[in-house]
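The values are calculated or read from the model by the stated rules, or taken from the named source; none is laboratory data. Quantities reported herein were computed from a predicted structural model and do not represent experimental measurements. Heads up, the Cβs are rebuilt from the backbone with ideal geometry, glycines too, and the neighbour counts pull from every protein chain shown.
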Amino acid sequence: MSRLEERIEIANPQHPHCATVLVVDTSGSMAGDKIRQLNDGIAFFVQDVQGDDLARKRVDVSIVAFGSSVRVAHDFSSIDAFAPPSLRADGSTPMGEAILSAIDQIRRRKAEYREKGTDYYRPWIFLITDGQPTDMKPGDELWDRVSREVHDGERNKEFLFFAVGVEPADLELLRRLAPPERPPVRLRRGRFQEMFAWLSRSQQRVSASRVGDSVQLESPTGPDGWAEIPTT
Amino acid sequence: MHVPRVFGASVAGAAHVSSGTECQDRFAIRLGGDGIVIAVADGLGSAPLSALGASEAVDAAVGAGAAMLGHPSAPGPETVAAAMPAFARVRLERRTAEGAWPLKHLGCTLVAIAVRGTSACVAHVGDGAVVALTGAGWVLASPPARAEYANVVDPLTADGWVHALRVSEVVSDVRFIAAFTDGCHHAILRPDGCDGVVPHAGFLDPVAAFAAQTLSDEEGAAELEALLGGAKLGEHSDDDKTLVVAWIGPFASDPPSVHAP
């Protein structure tokens, strides 16, 4: 240790943080294999991120689940303190309110970061759904509000919004909801784990990025990818 | 008349060490007339020639600044500091023209300081920061640029760099001044509870005292290099780190009432 190192005190011993909200469909149609794969995928994601020494100190995760109700299934915590909830499939698909809840979660988390003087990266909202919303439809008030918040949020760099449709999700409807610069993708059958592995690697890349870095994400839609771009 | 102690060090962060990438921070120091010019630059990770950009930027900045200070009718530190980034920018434009590269490939930030006597001024594009010890205590001479996200910055190579340029007020009665890149932010600046930062005396007092007492610039640089490359600073930042310091006075042989903290 240098002589100075023994004498100096670090001013703000904290890491920059990356906040991610998983917005997950737990409606009745997700019952069976899909909800099992979703739960397993989330558990895998948490374990994989925890395996990266830097990411485990920087990634913060929250889960908003929507089915019989919209609820914060897990409030924001560091990935180290994250205990994946066991999600159950039941009810309808209040996707609109769930997205608004996620955006609210992001805004509150940013306010906490600022209050504590914690640096942070641009947060992520990651929507996974197998249906179409039952609490809004194109052109109604909630739809207009949700699509405006999502599109403005992306345009103003408030967050990054990713939408993944699980069969038989209405991808055309998701395309209208998602930001134009980030259209939705369709999950290839049974590829939940690959999707969460991609999400883990992406979070690791973001959390390791430094000022001036351009974070290159792997394409999820390559020949061996977990998703495909819908053409119909 | 005492010659100021001016020295600095740059070390590659753990991320670059593990990837075999060279340190992309650069600094330069020049004495001119009755003054000092210092420039610190941080090459952008996304720019393939950013280390070259940072080298050229600091070299051009201190060269121009020293020439101005060495002129018989040397201007004040605010005029010198304000001019230094423009010279750096022109140098980068010339280099990219020579190499037929896009300007953004040499992307870097720049902190330029001019000191005359005990007055200092900072011209600043991007992150990094400058702090000074004055007769009234520690001051934040130039804060990091305000960007919401941890990996975002406006570099010297951006089209709108002039709008991102900040020139500080002249800081008077300066005894010690330090410039550093963002890899050192967490060590030197602490949140002020109002969405800003302030200099942390717990870090700076020992460094200033060391600078006041060190016997040579070479010894000082070696000690800074060891500090920047040590575990304490590496714990919360794997980024490249640069710290340049100048002890302007008073010195140990001066009357005891004006000694270092």
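Here are the numbers for the structure shown:
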quantity	calculated
Positions within the range B:88-112 being within 12 Å of B:Thr157 (Cα to Cα) and in contact with a strand residue (DSSP E or B) (Cβ under 9 Å, 6 or more places away or on another chain), in sequence order	B:Ala88, B:Arg89, B:Leu92, B:Leu106, B:Gly107, B:Cys108, B:Thr109, B:Leu110
Residue pairs meeting the criteria (Cβ under 6 Å; at least 6 apart or on separate chains; first away from chain B (no Cβ under 14 Å) and under 16 Å from A:Phe159 (Cα atoms), in the range A:92-117; second at pLDDT 95 or above and in a helix (DSSP H, G or I))	A:Ile99/A:Val146; A:Ile103/A:Glu149
The range A:153-179 - residue that is free of Cβ contacts under 8 Å to residues at least 40 places away in the same chain and over 20 Å from A:Gly131 (Cα atoms) and, of those, surrounded by the most Cβ atoms within 10 Å (Cβ to Cβ)	A:Leu160
Hits in the range B:41-84 (condition: touching a residue at least 60 places away in the same chain (Cβ under 8 Å), crowded, with 24+ Cβ neighbours inside 10 Å and within 14 Å of chain A (Cβ to nearest Cβ))	B:Ala41, B:Asp42, B:Gly43, B:Leu44, B:Ala47, B:Gly53, B:Ala57
Helices (runs of 4 or more DSSP H) wholly inside the range B:141-236 that include at least 1 residues being closer than 19 Å to B:Ala39 by Cα and of a type in the set (Phe, Trp, Tyr)	B:161-164
Complete set of residues in the range A:200-212 that are surrounded by 20 or more Cβ atoms within 10 Å (Cβ to Cβ) and over 11 Å from A:Val59 (Cβ atoms)	A:Ser209, A:Arg210, A:Val211, A:Gly212
For B:Tyr149: the one exception among (1) among the hydroxyl-bearing types (Ser, Thr, Tyr); (2) facing chain A (nearest Cβ under 10 Å); (3) under 16 Å from the mean Cα position of the chain (by Cα)	(3)
Residue in the range A:207-230 that is closer than 30 Å to B:Ala147 by Cα, of a type in the set (S, T, N, Q), within 14 Å of another protein chain (Cβ to nearest Cβ) and in contact with a Leu (Cβ under 7 Å, 6 or more places away or on another chain) present	yes
Scope the range B:4-31; condition farther than 18 Å from B:Val111 by Cα and either more than 11 Å from chain A (Cβ to nearest Cβ) or out of contact with any strand residue (DSSP E or B) (no Cβ under 7 Å at 6 or more places or on another chain) (or both); matching residues	B:Pro4, B:Arg5, B:Ala12, B:Ala14, B:Ala15, B:His16, B:Val17, B:Ser18, B:Ser19, B:Gly20, B:Thr21, B:Glu22
Residues satisfying the stated conditions in the range B:98-151, i.e. closer than 20 Å to B:Ser46 by Cα and of a type in the set (Asp, Glu)	B:Asp127, B:Glu148
Spans of strands (runs of 3 or more DSSP E) in the range A:16-115 with at least 1 residues surrounded by fewer than 21 Cβ atoms within 10 Å (Cβ to Cβ)	A:70-78
Boolean, B:Cys184 is more than 9 Å from chain A (Cβ to nearest Cβ) and buried (at least 21 other Cβ atoms within 10 Å of the Cβ)	yes
Restricting the range B:152-181 to residues that are out of contact with any Gly (no Cβ under 7 Å at 6 or more places or on another chain) and hydroxyl-bearing (Ser, Thr, Tyr), the residue that is nearest to the other protein chains (Cβ to nearest Cβ)	B:Ser168
Tally, over the range B:117-140, of residues that are part of a strand (DSSP E or B) and crowded, with 24+ Cβ neighbours inside 10 Å	11
Members of the range A:19-78 that are under 19 Å from A:Leu160 (Cβ atoms) and not aliphatic (A, V, I, L, M)	A:Thr20, A:Phe45, A:Arg58, A:Asp60, A:Ser62, A:Phe76
Per-region count, the range B:176-213, residues under 15 Å from the mean Cα position of the chain (by Cα) and charged (D, E, K, R)	1
Residues of the range B:226-242 classified as at pLDDT 95 or above, crowded, with 24+ Cβ neighbours inside 10 Å and within 7 Å of another protein chain (Cβ to nearest Cβ), total	1
Search result, residues across the range B:98-107 that are of a type in the set (A, V, I, L, M) and out of contact with any helix residue (DSSP H, G or I) (no Cβ under 9 Å at 6 or more places or on another chain)	B:Ala100
Selection status of B:Asp173, under 26 Å from B:Gly107 (Cα atoms) and either at pLDDT 95 or above or within 18 Å of the chain's Cα centre (by Cα) (or both)	no
Lone unmet requirement of (1) away from chain B (no Cβ under 14 Å); (2) over 27 Å from B:Val152 (Cβ atoms); (3) not in a strand (DSSP E or B) for A:Glu5	(1)
Some residue of the range B:206-215 being more than 12 Å from chain A (Cβ to nearest Cβ) and surrounded by fewer than 16 Cβ atoms within 10 Å (Cβ to Cβ)	yes
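Per-residue answers, yes or no, for (1) farther than 30 Å from B:Ala187 by Cβ; (2) in contact with a Cys (Cβ under 9 Å, 6 or more places away or on another chain); (3) modelled with pLDDT of 95 or more:
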position: A:Pro133; (1), (2), (3): yes, no, yes
position: A:Glu141; (1), (2), (3): yes, no, yes
position: A:Asp144; (1), (2), (3): yes, no, yes
position: A:Ser147; (1), (2), (3): yes, no, yes
position: A:His151; (1), (2), (3): yes, no, yes
position: A:Phe159; (1), (2), (3): no, no, yes
position: A:Glu167; (1), (2), (3): yes, no, no
